[in-house]
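Working notes, beginning with the structure itself.
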Amino acid sequence: MTRVVAQGTFDIIHPGHLHYLKEAKTMGEELYVIVARRENVTHKKPPVLSNRQRRDVVSALEMVDDARVGHESDIFVPIEDIDPDVIALGFDQHHDAESIQDELRERGIDCRVKRVSGREPRYDGEILSSRDIADRILATRGPEK
């Protein structure tokens, strides 16, 4: 059984996330998703929703076999626990595939790192970014609206 791990913040689920997770699922038979802990998100503003709520929403998606919140201090602990065959990175995620592969080797984890394809909006106005969705909400429903 080929196990695939995907990971992300998943604060506002959008079509880009669905594309990422659907494509990740095609890389194996089981898809595990690690939802980043709010306190570990340092490359952008922390998520609005709680760790548990984001995990619960991701877990409800049809293509996801298991969703869990990431480790408090070591992002590789869940990877060691799941023992995946593939780690699927999102098209525009900030992670460096080569650095991840090096760390996996150092920890004795036999796993490939693959990046999923990108996805363009399919119709005018489709938004594929949580940040852009938040900006649109503020622009159309903010305090001065």
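The values are calculated or read from the model by the stated rules, or taken from the named source; none is laboratory data. Keep in mind the model is a prediction, meaning the values are calculated, not measured. Please note: Cβ atoms are built from the backbone with ideal geometry, for glycine as well, and neighbour counts cover all protein chains shown.
Per-residue answers, yes or no, for (1) at pLDDT 95 or above; (2) of a type outside the set (Phe, Trp, Tyr); (3) more than 17 Å from His19 (Cα to Cα); (4) surrounded by fewer than 16 Cβ atoms within 10 Å (Cβ to Cβ):
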residue	(1), (2), (3), (4)
Asp85	yes, yes, yes, no
Asp96	no, yes, yes, yes
Ile100	yes, yes, yes, no
Leu104	yes, yes, yes, no
Cys111	yes, yes, yes, no
Lys114	yes, yes, no, yes
Ser117	yes, yes, no, yes
Ser130	no, yes, no, no
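For Ala36, state whether it is of a type outside the set (Lys, Arg), in contact (Cβ under 8 Å) with a residue 60 or more places away in the chain and either within 18 Å of Ser129 (Cβ to Cβ) or buried (at least 20 other Cβ atoms within 10 Å of the Cβ) (or both). First the steps, then the outcome.
On the way: of a type outside the set (Lys, Arg): yes; in contact (Cβ under 8 Å) with a residue 60 or more places away in the chain: no; either within 18 Å of Ser129 (Cβ to Cβ) or buried (at least 20 other Cβ atoms within 10 Å of the Cβ) (or both): yes.
No, not satisfied.
Regarding Asp81, is this residue surrounded by 14 or more Cβ atoms within 10 Å (Cβ to Cβ) and either part of a helix (DSSP H, G or I) or in contact with a Ser or Thr (Cβ under 8 Å, 6 or more places away or on another chain) (or both)? No, not satisfied. Out of all the residues in region 59-85, which are closer than 24 Å to Leu128 by Cα and of a type outside the set (Asp, Glu)? Once the filter is applied, which keeps residues that are closer than 24 Å to Leu128 by Cα and of a type outside the set (Asp, Glu), region 59-85 yields Ser59, Ala60, Leu61, Met63, Val64, Ala67, Arg68, Val69, Gly70. Could you say whether any residue in region 63-71 is within 25 Å of Arg122 (Cα to Cα) and either among the β-branched types (Val, Ile, Thr) or at pLDDT below 95 (or both)? Within region 63-71 (the criterion being within 25 Å of Arg122 (Cα to Cα) and either among the β-branched types (Val, Ile, Thr) or at pLDDT below 95 (or both)), the answer is yes, since at least one residue qualifies.
Yes or no: Ile75 under 14 Å from the mean Cα position of the chain (by Cα) and modelled with pLDDT under 95? When the stated conditions are applied, Ile75 passes them.
Report yes if some residue within region 41-60 is acidic (Asp, Glu) and in contact (Cβ under 8 Å) with a residue 24 or more places away in the chain; otherwise report no. Even if it seems obvious, please write down each step before you answer.
Here is the first cut: in region 41-60, the residues acidic (Asp, Glu) are 56.
Okay, now just the ones that are also in contact (Cβ under 8 Å) with a residue 24 or more places away in the chain, so none.
No; the residues of region 41-60 include none that is acidic (Asp, Glu) and in contact (Cβ under 8 Å) with a residue 24 or more places away in the chain.
When His71 is tested against (1) surrounded by 12 or more Cβ atoms within 10 Å (Cβ to Cβ); (2) out of contact with any Pro (no Cβ under 9 Å at 6 or more places or on another chain); (3) assigned to a loop (DSSP other than H, G, I, E, B); (4) of a type outside the set (A, V, I, L, M), just one condition goes unmet, and that condition is (2).
Which residue is nearest to Glu80 (Cα to Cα), if the candidates are limited to region 103-124 and must be in a loop (DSSP other than H, G, I, E, B) and among the basic types (Lys, Arg)? Steps first, answer last, please.
To start, the set of residues in region 103-124 that are in a loop (DSSP other than H, G, I, E, B) comprises 107-111, 116-124.
The next check asks that each one be among the basic types (Lys, Arg); those that pass are 107, 119, 122.
Details: Arg107: 9, Arg119: 30, Arg122: 37 Å.
So, considering only residues that are in a loop (DSSP other than H, G, I, E, B) and among the basic types (Lys, Arg), the one nearest to Glu80 (Cα to Cα) is Arg107.
Annotation: of all residues in region 1-39 being of a type in the set (D, E, K, R), part of a helix (DSSP H, G or I) and touching a helix residue (DSSP H, G or I) at 6+ places or on another chain (Cβ under 9 Å), the one that is farthest from Leu49 (Cα to Cα) is Glu39. List pairs: first in region 1-12 and β-branched (Val, Ile, Thr), second crowded, with 21+ Cβ neighbours inside 10 Å and part of a strand (DSSP E or B), Cβ under 6 Å, 6+ apart or cross-chain? Matching pairs, first to second residue: Val4/Leu31; Val4/Ala88; Val5/Tyr32; Val5/Ile87.
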